[in-house]
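One structure is given here, and the rest of the page talks about it.
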């Protein structure tokens, strides 16, 4: 019997899975394989929240395969070595996997291709699995450029691109009885250091959230997605990061729903693809400025103390602290919170965006290299933002997106007794009033931070 291998990476689902569909079409038996890659841990990508969520995803994927007569094969070690052992043990003629965009993913693919070629096995890499539109599928016309550096023209071209129809989950998966032994599935319970409010992972949970979102959230998304207290975003980003939901399917379902909310949601999915195509073309942007601004970021002494206060949610700016505490508790943060906390660190405190990006990656369950690093660069003004020197004022942001203070009261409970606009500017209270709250003074005055940033960037 012919055998093929499907190497799962950031695509932990059975619905709309082109590599699995292709493997089932070309072979009698298929090995659904996931390798717990030691290099991921060594590279610092194995954050506890993501490891726990991954364990949920793998258990759910295994359960879905068992319903179809198969099971998930788990190995631990070097990806090229472990895939090679499976190929040798089963006589597989092809290995199928989804294309990745990061420097890490591209190097992994190159090593795997070379290793398989040495044993006479073919590697087939499939596009539009991790993204809706493959990186490089649309490029600026007649410019000779290999990617779009500005979102709006990319969005126009992306929107005109035809998407394939989503595939159904397979009815049956037959796994070889010999040569595909498996290690034990990872367990969430074995992971320490996770956030107390970490969400559940897995395709079944992702599809449940999607169904609920389509029924009750997508119609009002355009109006409410920036409302911090309303929590009206989809919360599907972890499922997109781990691939328990297909971005192609999400775009199709949103377009079918129609309306301004669905259009706004599709635009956010396009932002995700935009960042992936930038990183695919410029892998170094995960660690280096995409557009250098000759920044001389603050380090040491006061900068370290202020950064520590930022990490702990003790900056003295309630909305910043609320967002940072949400991150600590849930391993997730509202998108508006991500923007304003990043602006506060990179521009108001003038601390290197990489410092913030590392902290986010240490906690975010949806900690995706493309979106995390390039969103940080966008906010820091070293990325693709056409207004690189804009600074988000946390007080103005709070008044606009948390006008009655419900978000702040939820995450900064020591301020719950403050009413009115004073909640967003507690330093304006009298000394007697402030004494009632265990809350710090601002780590820096906003005018001082703005002046320092403008001087550093050479702005008038």
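Quick note: the coordinates plus some simple rules give every number you see, no bench work behind them. What you see is a predicted model; the values in this text were computed from it and never measured. With ideal geometry, Cβ positions are generated from the backbone for all residues, glycine too; neighbour counts draw on all protein chains shown.
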> Among 109-118, 88-97, how do they line up from the highest to the lowest mean number of other beta-carbon atoms within 10 Å?
Replying inline: 88-97, 109-118
>> Sort 355-368, 283-296 by the packing proxy (mean of other Cβ within 10 Å over each peptide's residues), most packed first.
In response: 355-368, 283-296
> For the chain, what does -39500 (n - 2.57) per DSSP helix run (n ≥ 4), summed and divided by total residues, give at 222 nm, in deg cm²/dmol to the nearest 500?
Replying inline: -14000 deg cm²/dmol
> Taking Rh as the Kirkwood radius, which is the inverse of the mean 1/r over Cα pairs, what is the Rg/Rh value for region 207-281?
Replying inline: 0.96
> Taking the simple approach of a point 7 Å from Cα along Cα-to-Cβ for both residue 437 and residue 184, what is their distance in nm?
Replying inline: 4.9
> Any idea what Rg and Dmax come out to for region 1-143 if you just take the C-alpha atoms, in Å?
Replying inline: 15.4, 51
>> Need the full-extension length gain, residue 256 to residue 25, defined as separation in residues times 0.36 nm minus the C-alpha distance. One decimal, nm.
In response: 80.3 nm
>> Quick check: Cα centre of region 241-306 to Cα centre of region 102-168, how many Å?
In response: 16
>> What are the extents of the Cα atoms of the chain along their three principal axes, in Å, largest first?
In response: 80, 49, 47
> What is the chain's relative contact order, in percent, from Cα pairs under 8 angstrom and six or more apart in sequence?
Replying inline: 18
> Which percent of Cα-Cα pairs in region 301-457 sits in each 5 Å bin, short to long?
Replying inline: 2, 9, 20, 23, 21, 15, 8, 3, 1, 0
> What order do you get for 123-132, 47-56 when each peptide is scored by the mean count of other beta carbon atoms within 10 Å, highest first?
Replying inline: 47-56, 123-132
>> Whole angstrom only: what separates the Cα centroid of region 4-20 from the Cα centroid of region 340-395?
In response: 32
>> Between region 24-65 and region 179-229, how far is it from one alpha carbon centroid to the other, in angstrom?
In response: 16
